[in-house]
Amino acid sequence: MTEDRINRVIEKYEEEINNNKLTGVKCQSCGHVMVPPRPVCRQCRSPDVEIVPIDGRGKLLTWTIIHVGPPSYENQVPYTVGIVELENGERLTGIVDIPATELTYDLPVVADFDAEREGAARLRWKKAVSGQ
Ligand SMILES: [Zn+2]
């Protein structure tokens, strides 16, 4: 695994997020899909991975409400950070833009993007409406 390969998958992930698209990689030897993308397969260690589009639907596994945030998020507190399980079983952490009173375990969510931010920080989770 070279540093070039790692940078390539990370750059692609950030670039696609800037286009409001979620991407991952699919291992060409065992078919395992990883989100966010990794340069090496977590299951079979193969470096032969291809970037693939990922469906941004999933369910909320757990969450926490942040009252003291890092400086760049200071004006957003309190905000919710959750772990979302995608339909392919991969898990992503991100800010959940859903009122705290509406949060429930296994709540269907869909990826959304914050136009004010760049790269991975754009990712947000909002409530999925049926048919979406
Ligand atoms: Zn594999």
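A short reminder: the numbers here are calculations on the coordinates, not readings from a lab. Keep in mind the model is a prediction, meaning the values are calculated, not measured. FYI the Cβ positions are ideal-geometry reconstructions off the backbone, even for glycines, and counts take in every protein chain you see.
Each residue of region 67-72 in order: what ³J(HN,Hα) in whole Hz does its phi give by Karplus 6.51 cos²θ - 1.76 cosθ + 1.60, θ = phi - 60°, with x for Gly and Pro?
Computed from phi, the couplings for region 67-72 are 9, 10, x, x, x, 6 Hz.
FRET efficiency for residue 76 and residue 51, Cβ-Cβ distance as r, R0 = 35 Å, nearest 0.05?
Working: r = 30 Å, r/R0 = 0.87.
Efficiency, from the Cβ-Cβ distance: 0.70.
Using DSSP to call loops (not H, G, I, E or B), can you name the trypsin sites (Lys or Arg not before Pro) in region 7-53 whose Cβ has at most 13 other Cβ atoms within 10 angstrom?
On the way: sites: 8, 12, 21, 26, 42, 45; in loops: 21, 42, 45.
The qualifying sites are 42, 45.
Compactness ratio of region 1-119: Cα Rg over 2.2 N^0.38 Å, N = residue count?
Details: Rg = 15.6 Å, N = 119, 2.2 N^0.38 = 13.5 Å.
Cα Rg divided by the expected 2.2 N^0.38 Å: 1.15.
Please report the base-10 log of the normalised intensity I(q)/I(0) for region 57-127, using a Debye sum with one equal scatterer per alpha carbon and no solvent, at each q in 0.20, 0.21 (1/Å).
Debye intensities relative to I(0), on a log10 scale: -0.80, -0.88.
Filter the GluC sites (Glu not before Pro) in region 48-132 to those in DSSP coil with at most 15 other Cβ atoms within 10 Å of their Cβ, and list the result.
Numbers: sites: 50, 74, 85, 87, 90, 102, 116, 118; in loops: 87, 90, 116, 118.
Answer in residue order: 87, 116, 118.
Please give me, ordered by residue number, the chymotrypsin sites (Phe, Trp or Tyr not before Pro) of region 90-132 that lie in loop per DSSP and have at most 12 other Cβ atoms within 10 Å.
Of the chymotrypsin sites (Phe, Trp or Tyr not before Pro), the ones in loops of region 90-132 whose Cβ has at most 12 other Cβ atoms within 10 Å are 105.
Would you mind computing, in nm to one decimal, how far apart the modelled labels at residue 10 and residue 65 are, each placed 7 Å from Cα along Cα→Cβ?
3.4
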